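Structure record follows, encoded as C-alpha cells.
Quick note: the coordinates plus some simple rules give every number you see, no bench work behind them. Bear in mind that the values here come from a model prediction, so they are computed numbers and not experimental data. No Cβ is skipped: glycine too gets one built from the backbone with ideal geometry, and neighbour counts run over all protein chains shown.
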Amino acid sequence: MHEIKNLLFQPLTLHRLDGTGVHLGPRERQILPDTAISPEMRQAARRGQVSLRPVHDTTAEPVSDAPAPATRKGGK
C-alpha cells in the first residue's frame, strides 16, 4: 500500500495503472494498493506535485484531509 498526497493547492487527477483515474483535491491524501501506482504518479512525485509514501499498516483505510463536520452542542 502507498499513500499519495497532493502537494498542490489545486485539484489533481492522475491515471492509475489499471486505467482508471484518481482525483485528489488540494492537499488531499489517499491510500492506494501497490498495483495501482502508475509511472505518471511516480513522475508527479519526482516533479514535487505529489508525495508517494509506503504504508505498512494493512488495515489502513483511505484518508482525507477534509475537516470533520462541526457539531453544535447545547443551543436553544
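With the contact rule set at Cα under 8 Å and sequence spacing of 6 or more, what percent relative contact order holds for the range 2-54?
47 percent
In a shell of Cβ-Cβ distance under 11 Å around Leu17, excluding Leu17 itself, what net charge do Lys and Arg (+1) and Asp and Glu (-1) give?
-1
Sorting His15, His56, His23 on the 10 Å Cβ count, fewest up front, what's the list?
Going from least to most buried by this count: His56, His23, His15.
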